[in-house]
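Here's the structure, in structure tokens; my notes come after.
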Amino acid sequence: MTNNNLLKAFKEKARHLKLNQKDVRFQRTMAFLKAKGLLDTNLNIKPHLRGRLKLNDVLWAARNVEPRIIEVLPAAMLHFPKNFTGIAPQELKKILVCIQHGDNEGPDFEGLEYKKMKFWANTQLKDKRTKPVQEKRQPKAFRLNPKTLAILNNLVKTGKFKDQTQALEAAVEGYSALNKRP
């Protein structure tokens, strides 16, 4: 390919990219991700918090305009699941499960390493409204003795703890610290 042909090809690709940046699928995707603090852009796109995104539109925007979208997509889906509609590809579903379980290894997606996607899922966002996946509480069901429940309730009444869960966590962490061997 000569330099002129190469220059023409680049110009055509740049023109095509500008057209794709004006596409509503890209605009909505970037507006949402920008509002949530997952991505930023120098394009004039106003953040938009509400609305649902079709997964196919998000993947189109990632493949045709901004590849960084794929990097933050699993984090967005885990933190804001109600904002996405449609059926996720199997590979993406596997990635979500691996991140939720805290696995160090997982499948790559669209040429992007699993570790990069996991990084974003475990990063604290600027607005601090969502917790990283590794810090989210996991519901467990326990059957406690009434005497133990009374102790938990008394601890909460003292004002040191907000609720029974916080008191129980403090007790477990304190017990763990006492039993560490030097």
Of the conditions (1) crowded, with 19+ Cβ neighbours inside 10 Å; (2) not in a helix (DSSP H, G or I), residue 43 clears all except one; give me its number. (1)
Expected output for region 51-62 (first residue over 13 Å from residue 23 (Cβ atoms), partner in a helix (DSSP H, G or I) and among the hydroxyl-bearing types (Ser, Thr, Tyr), Cβ below 8 Å, 6+ apart or cross-chain) is 53/29
Just checking, how many residues over region 48-86 are out of contact with any Phe, Trp or Tyr (no Cβ under 6 Å at 6 or more places or on another chain), assigned to a loop (DSSP other than H, G, I, E, B) and aliphatic (A, V, I, L, M)? 1
Kindly check whether there is at least one residue in region 9-17 that is part of a helix (DSSP H, G or I), acidic (Asp, Glu) and either under 15 Å from the mean Cα position of the chain (by Cα) or surrounded by 12 or more Cβ atoms within 10 Å (Cβ to Cβ) (or both). no
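Here is a yes/no grid of residues against (1) over 19 Å from residue 41 (Cβ atoms); (2) surrounded by 10 or more Cβ atoms within 10 Å (Cβ to Cβ); (3) not assigned by TED's automatic domain parsing to the domain that holds residue 13:
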| residue | (1), (2), (3) |
| --- | --- |
| 62 | no, yes, no |
| 78 | yes, yes, no |
| 81 | yes, no, no |
| 89 | yes, yes, no |
| 108 | yes, yes, no |
| 114 | yes, yes, no |
| 125 | no, yes, no |
| 152 | yes, yes, yes |
Answer yes or no: is there a residue in region 7-27 that is under 23 Å from residue 125 (Cα atoms) and without any contact (Cβ under 8 Å) to a residue 40 or more places away in the chain. yes
For the structure I just gave you, tell me whether residue 95 is of a type in the set (A, V, I, L, M) and exposed (fewer than 13 other Cβ atoms within 10 Å of the Cβ). no
Among (1) in contact (Cβ under 8 Å) with a residue 40 or more places away in the chain; (2) under 21 Å from residue 120 (Cα atoms); (3) not in a loop (DSSP other than H, G, I, E, B), there is one condition residue 34 misses while meeting the rest; what is its number? (1)
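The values are calculated or read from the model by the stated rules, or taken from the named source; none is laboratory data. Computed from a predicted structure; not experimentally measured. Cβ atoms come from the backbone with ideal geometry, glycine included; neighbour counts cover every protein chain shown.
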